[in-house]
1. Select from region 107-122 the residues that are modelled with pLDDT of 95 or more and open to solvent by 50 Å² or more (accessible area, probe 1.4 Å) and write down the one among them that is farthest from Q180 (Cα to Cα).
2. Quick test of your reading of the structure: R347 fulfils all but one of (1) under 17 Å from P116 (Cβ atoms); (2) without any contact (Cβ under 8 Å) to a residue 24 or more places away in the chain; (3) not aliphatic (A, V, I, L, M); (4) not in a loop (DSSP other than H, G, I, E, B). Name the failing condition by number.
3. Within region 257-274, is there a residue that is within 21 Å of A96 (Cβ to Cβ), open to solvent by less than 30 Å² (accessible area, probe 1.4 Å), outside any helix (DSSP H, G or I) and out of contact with any His (no Cβ under 9 Å at 6 or more places or on another chain)?
4. Please state which one of E102, E65 is closer than 29 Å to T126 by Cα, touching a residue at least 40 places away in the same chain (Cβ under 8 Å), surrounded by fewer than 18 Cβ atoms within 10 Å (Cβ to Cβ) and acidic (D, E).
5. Given the criteria on the phi > 0 side of the Ramachandran plot and either basic (K, R) or touching a residue at least 40 places away in the same chain (Cβ under 8 Å) (or both), does G299 qualify?
6. Would you check which residues across region 314-328 are in contact with a strand residue (DSSP E or B) (Cβ under 7 Å, 6 or more places away or on another chain) and in contact (Cβ under 8 Å) with a residue 24 or more places away in the chain and list them?
Amino acid sequence: MTARIPERSLRDWFPTAAGVWDLAPRSRNHVAGQLNLKSCELLHPAVAQWHADRLGKLSSATAVEYPLTDPYRDAVAAHFGQDPARVLLTPGSDHAIQLVCEALAAPAGRLVIARPHFDSWSRCATRFGFRLDGVDMPHRAPMAVTSLIDRLLSGPPSVLVITQPDSITGQLYTRAQLTQAVAAAHRHGSVVVIDTCYLAYADDEESTLQGLQTWDNVLRINSFSKSHGLAGARLGAVLAQPSVIDYLARWAPDGMLSHASLALLEHALAEPAVFHTARAEVRTARAALARGVEETLPGWSARPTQANFVAFDAEPDDAARVCAALLADGIRTRLLNAEPGFSGGLRIATPSLAAVRRVTDTLTNLATPTGS
């Protein structure tokens with residue numbers, strides 16, 4: 001009879017990255033029939049149908065052949081009005097963040113960013129061993145770009161990250177504010193990374209970035225998850241000066257790109273009408289949600305947003321109660337209690353008017369006394 005080998009924890013017998021053990025494993029759990037308004041995908045029915053129609057027409061080559069990425073890079077470059085030498089494709093914005101962190105933040109030793117923020121930045125700081133220098137958002141108020149600049153200038157040349165619009169509050173920085181930050185960073189010898197994953201939902205879209213591409217210290221990270229309904233396809237891009245792209249390309253992110261995903265993206269960029277229509281509805285939906293929540297829940301206030309969600313300030317207990325009530329009705333949202341800038345709050349995505357109506361119907365029932 002073979003003796004059973006006792007199970008051991010890996011970190012007890014093999015060298016591991018110690019700080020990583022303190023990170024919570026990330027998992028995406030989906031409950032059938034649940035409406036996910038936490039992750040902010042473009043869950044618009046017309047977009048879903050468009051992808052269903054195109055998926056059935058993909059060539060078998062997209063499954064059995066490695067992709068030749070140059071034509072797809074050229075299509076993305078044309079979409080942004082850029083030279084292809086300024087574009088690097090990545091398997092999603094998460095990987096683009098990892099690439100920037102490993103290639104730039106780790107050698108510099110520090111990254112400055114607003115808090116709260118997308119948690120991939122914090123995870124990368126632990127993985128790659130640089131200091132994440134977070135600037136807390138003020139309570140119930142927008143982040144001042146001068147606060148980010150002051151923090152950047154308080155230390156050595158580093159990486160400054162600005163999410164445009166912000167991924168937690170939906171705050172949109174003006175072109176003048178972004179230019180001020182880029183110019184200050186340039187004098188300091190620092191790099192500015194502008195994350196534009198939600199920018200397609202801004203009323204003026206690209207106007208706030210005009211002129212910034214001429215600066216050699218600016219990198220733009222972009223995802224097609226939010227703008228083109230490609231969250232499951234995992235596609236992103238980094239846009240920067242050719243010398244910066246040449247450096248980042250040495251990490252060879254294009255070797256991890258999916259041929260089928262690239263083909264879908266090419267179709268989506270060539271047929272923009274359905275996405276323009278869906279995003280226009282999202283803008284209407286976020287205004288409807290802000291108005292509906294403020295009218296239904298006394299004391300709740302919506303923050304100005306240019307993303308595909310609305311962040312609300314509320315008393316912590318009330319925010320937790322509403323979050324739980326929505327979840328009980330099959331609607332996932334993001335609780336913001338105790339996040340920097342929020343004593344209590346909730347973030348709710350607005351992928352369609354139908355989704356917003358479902359939320360407001362639940363809240364109306366919650367606010368109406370039983371038997372009234």
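1. P107
2. Evaluating R347 over (1) under 17 Å from P116 (Cβ atoms); (2) without any contact (Cβ under 8 Å) to a residue 24 or more places away in the chain; (3) not aliphatic (A, V, I, L, M); (4) not in a loop (DSSP other than H, G, I, E, B) leaves (2) as the failure.
3. Yes, because at least one residue in region 257-274 is within 21 Å of A96 (Cβ to Cβ), open to solvent by less than 30 Å² (accessible area, probe 1.4 Å), outside any helix (DSSP H, G or I) and out of contact with any His (no Cβ under 9 Å at 6 or more places or on another chain).
4. Answer to the check: E102.
5. The answer is no for G299.
6. A314, A319, A320, V322
Each row is one residue, and each column tells you yes or no for (1) touching a His at 6+ places or on another chain (Cβ under 7 Å); (2) aromatic (F, W, Y); (3) at pLDDT below 95; (4) farther than 19 Å from I162 by Cα.
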| residue | (1), (2), (3), (4) |
| --- | --- |
| R54 | yes, no, yes, yes |
| K57 | no, no, yes, yes |
| G92 | no, no, yes, no |
| Q98 | no, no, no, no |
| L104 | no, no, no, no |
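The values are calculated or read from the model by the stated rules, or taken from the named source; none is laboratory data. Quantities reported herein were computed from a predicted structural model and do not represent experimental measurements. With ideal geometry, Cβ positions are generated from the backbone for all residues, glycine too; neighbour counts draw on all protein chains shown. Calculation scope for accessible area: heavy atoms of the full protein, side chains included, ligands and nucleic acids excluded. Shrake-Rupley method; radii C 1.70, N 1.55, O 1.52, S 1.80 Å.
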